[in-house]
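Okay, handing you the structure first.
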Amino acid sequence: MTKRIFKNTMLIILLVLVLCGVFIIGVLYKYYNSEITDEMYNEISFISAGVETEGMDYLNNLDDVKIRITWVDKDGTVLFDNQADVSTMDNHRDREEIKAALASSTGKSVRYSYTLSEKQVYHAKRLSDGTIIRISFVQNSIWKIMFGMIQPLLIIVILAIAVGGALAYRLSRQIIEPLDNINLDNPADTEVYEEMAPFVRKIVHQNQQIKDTVAALKAQKEEFTLITENMQEGFIVIDKSAVVLSHNTSALKLFGVSHRAEQKSVLVLNRTKEFETGVKLALEGRHNERAITIGEKVCNIYLNPVFDKEKVAGAIIVVTDVTEKEKREHLRREFSANVSHELKTPLTSISGIAEIIKTGIVESKDVPEFAGKIHKEASRLITLVEDIIKVSQLDEADSAVEKEKVNLYELCREVVEQLEPVAKLKDVSLSVMGNDMVIMGVKPIIREMIFNLCDNAIKYNKPQGQVNIKVDLDNNRRSFVEVKDTGIGIALDQQDRIFERFYRVDKSHSKEIGGTGLGLSIVKHGAILHSADIAVESELDHGTNIRVTF
Ligand code: ADP
């Protein structure tokens, strides 16, 4: 800026100097011109008077004359010339100034002299005898005078430029210095000259506007971050080159990436062909959805193009973890298949026996036996349906279900009483020990859980085996129910699976042992409903210990 002001001021100074120079030279030129004309007029009058009285003698006696003097006869013959050889000069009758002087006593012309090979200014005067006296001088002489003036003029110009330059520099500094020193954070504090005040006011106003806009943008960004960061879904914004502009933490978690991914290609997050195709389609302006597997997770990806004036400017990618949903879906399908299978087995038996009776080949003494089989299969069916209903109810129940005070010890005693006859049949002894532990829970469900654990402990026991039930507080002061048996035990690799629906360790003997394969599944779901933990300790052939800690 300083440079520009300085340069412009210097240009103005130069322009003024040039204009002044031209003007001065013009005025001087005019002045000298009229001076010379006057002088020539005097000169020619003086010489004419001399020639009138003394003739050629006057001219011959003239010395040290700077101008050219020519005396021309009335017929144009040159009689005298002080700067040229008369004998070589041609007739001057047709010369403009001579012609004019012959016609009207005086004449003037400016032209190129072929005699002297110079541009000359001619003045002619007719004498009383009709001859003409002509004087001339080189026109350049005016320019020579002017040229002589150029040197002082140049000194003046250089001086003017030097002084002007110094002043221009000072002026530009004076204008710019307050601008340089302006405190942009607090312009009102800066001392400025009067003309700058509106500029400063504008800066103050704009500063405020910028502050307000930045604050609004910041608030908007924080709001956006707050929303996206609290989303469980992954959220990614990419530009038209698939470069990540923004994303939330969930997106990183879902893609299993530990570093932030802004300014990197989104394809770095997942290198599957499926994902790449989805991104490509979105950037071609086509919404698309697809499921991809990330490690052990199954994720649904929704890719939506973002348009700016009908052109794709980028895309928004939303990622949701559907692993649980998929698992549940899978379990549900498996459950349905299992239910159908489990229902079909007793129904096929019942139908088969009924058909045999119908054919009449069964003797009447065998009918009670066949009827007993039908009854057994029907009871199995009823138990199975009841268990299915219980599992379904537990599936639907949520933790908000109404709870009441439940004495775990009392419940265990009731269950033991109920199972005593069964235990006796299997030659298994039952015992309950511990203390009254009261928790908040859903009584029928907890009863069912204890019943199933005890029932299994009896079913999978050995003759003369034992089942010990313990109710107490653990080291963390949490109530627990522990069912310990001396039965067949469960292999380590099976211990996780026994809680799956319809899972049985020994499928071949399940029919004779009884059971639906849903007992521990009910225990597991009951525990989830009560936020209880289940721990299994078991050794093959030695027994099993299952503890539910509420
Ligand atoms: P079931 O109705 O067949 O008993 P459960 O869901 O109650 O079904 O149990 C699943 C499987 O776990 C059983 O089939 C059995 O193989 C095994 N199991 C459960 N409890 C015990 C236990 N106390 N001792 C040994 N095996 C057990």
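Go through the residues of region 323-342 one by one and say whether even a single one is under 30 Å from VAL467 (Cα atoms) and outside the structural domain of VAL471 (by TED's automatic domain parsing).
yes
Another question, if that's okay. Does ASP533 qualify as being out of contact with any Asp or Glu (no Cβ under 6 Å at 6 or more places or on another chain), outside the structural domain of ASN338 (by TED's automatic domain parsing), farther than 24 Å from GLY434 by Cβ and more than 9 Å from the ligand (Cβ to nearest atom)?
In short, no.
Something else now. Using the structure shown, decide if MET149 is more than 30 Å from GLY314 (Cα to Cα) and touching a residue at least 60 places away in the same chain (Cβ under 8 Å).
Criteria met by MET149.
Can you confirm whether region 118-137 contains a residue that is of a type in the set (Phe, Trp, Tyr), under 30 Å from GLY26 (Cα atoms) and touching a helix residue (DSSP H, G or I) at 6+ places or on another chain (Cβ under 6 Å)?
Yes: region 118-137 contains one or more residues that are of a type in the set (Phe, Trp, Tyr), under 30 Å from GLY26 (Cα atoms) and touching a helix residue (DSSP H, G or I) at 6+ places or on another chain (Cβ under 6 Å).
Here's a follow-up. Going through region 226-251 one residue at a time, which ones are among the hydroxyl-bearing types (Ser, Thr, Tyr) and under 18 Å from PRO305 (Cβ atoms)?
Result: SER241, SER246.
Restricting attention to region 345-369, which residues are at pLDDT 90 or above and under 16 Å from VAL385 (Cα atoms)?
Result: LEU347, THR348, ILE350.
Exactly one of (1) surrounded by fewer than 17 Cβ atoms within 10 Å (Cβ to Cβ); (2) in a helix (DSSP H, G or I) is unmet by ASP64. Its number?
Of (1) surrounded by fewer than 17 Cβ atoms within 10 Å (Cβ to Cβ); (2) in a helix (DSSP H, G or I), only one is false for ASP64: (2).
While we're looking at this one, here's another question. Among the residues of region 529-546, which ones are in contact with a strand residue (DSSP E or B) (Cβ under 8 Å, 6 or more places away or on another chain) and at pLDDT below 95?
Listed by number, the list holds a single entry, HIS530.
While we're on this one: Take ILE458 and decide whether it is within 16 Å of the ligand (Cβ to nearest atom), at pLDDT below 95, surrounded by 13 or more Cβ atoms within 10 Å (Cβ to Cβ) and among the aliphatic types (A, V, I, L, M).
Considered against the rule, which asks whether it is within 16 Å of the ligand (Cβ to nearest atom), at pLDDT below 95, surrounded by 13 or more Cβ atoms within 10 Å (Cβ to Cβ) and among the aliphatic types (A, V, I, L, M), ILE458 comes out as no.
Now for a separate question. So which of GLY519, GLY514 is within 8 Å of the ligand (Cβ to nearest atom) and farther than 27 Å from LYS403 by Cα?
Every option except GLY514 fails the conditions.
Would you say LYS264 is within 23 Å of ALA313 (Cα to Cα), in the same structural domain as THR293 (by TED's automatic domain parsing) and either out of contact with any strand residue (DSSP E or B) (no Cβ under 9 Å at 6 or more places or on another chain) or crowded, with 17+ Cβ neighbours inside 10 Å (or both)?
No, not satisfied.
Related question: What's the number of the only condition in (1) over 16 Å from LYS125 (Cβ atoms); (2) among the charged types (D, E, K, R); (3) modelled with pLDDT of 90 or more that ASP63 fails to meet?
So the condition that ASP63 fails would be (3).
Name the residue, out of SER105, SER109, SER87, that is out of contact with any strand residue (DSSP E or B) (no Cβ under 7 Å at 6 or more places or on another chain) and assigned by TED's automatic domain parsing to the domain that holds ASP57.
Result of the check over SER105, SER109, SER87: SER87.
Is it the case that region 237-244 has a residue that's free of Cβ contacts under 8 Å to residues at least 60 places away in the same chain, farther than 30 Å from VAL312 by Cβ and exposed (fewer than 10 other Cβ atoms within 10 Å of the Cβ)?
Within region 237-244 (the criterion being free of Cβ contacts under 8 Å to residues at least 60 places away in the same chain, farther than 30 Å from VAL312 by Cβ and exposed (fewer than 10 other Cβ atoms within 10 Å of the Cβ)), the answer is no, since none of the residues qualifies.
How many residues are farther than 27 Å from ARG501 by Cα, part of a helix (DSSP H, G or I) and in contact with a helix residue (DSSP H, G or I) (Cβ under 8 Å, 6 or more places away or on another chain) when one looks only at region 398-452?
0
Specify which of the listed residues (VAL432, VAL428) is within 12 Å of the ligand (Cβ to nearest atom) and surrounded by 17 or more Cβ atoms within 10 Å (Cβ to Cβ).
VAL428 is the lone residue from the list that is within 12 Å of the ligand (Cβ to nearest atom) and surrounded by 17 or more Cβ atoms within 10 Å (Cβ to Cβ).
Hey, another quick one. Could you say which residue among VAL505, VAL483 is surrounded by 22 or more Cβ atoms within 10 Å (Cβ to Cβ), near the ligand (Cβ under 9 Å from one of its atoms) and either closer than 17 Å to LEU411 by Cα or not polar (S, T, N, Q) (or both)?
VAL483
Next question, about the same structure. Would you say ILE498 is more than 53 Å from the chain's Cα centre (by Cα) and either crowded, with 17+ Cβ neighbours inside 10 Å or near the ligand (Cβ under 9 Å from one of its atoms) (or both)?
Criteria not met by ILE498.
Same structure, new question: Can you say whether ALA216 is under 31 Å from the mean Cα position of the chain (by Cα) and surrounded by 10 or more Cβ atoms within 10 Å (Cβ to Cβ), as far as the supplied structure shows?
yes
The values are calculated or read from the model by the stated rules, or taken from the named source; none is laboratory data. It should be emphasised that the depicted structure is a prediction, and the values quoted were computed from it without experimental measurement. Virtual Cβ from ideal backbone geometry, glycine too; neighbours counted across all protein chains shown.
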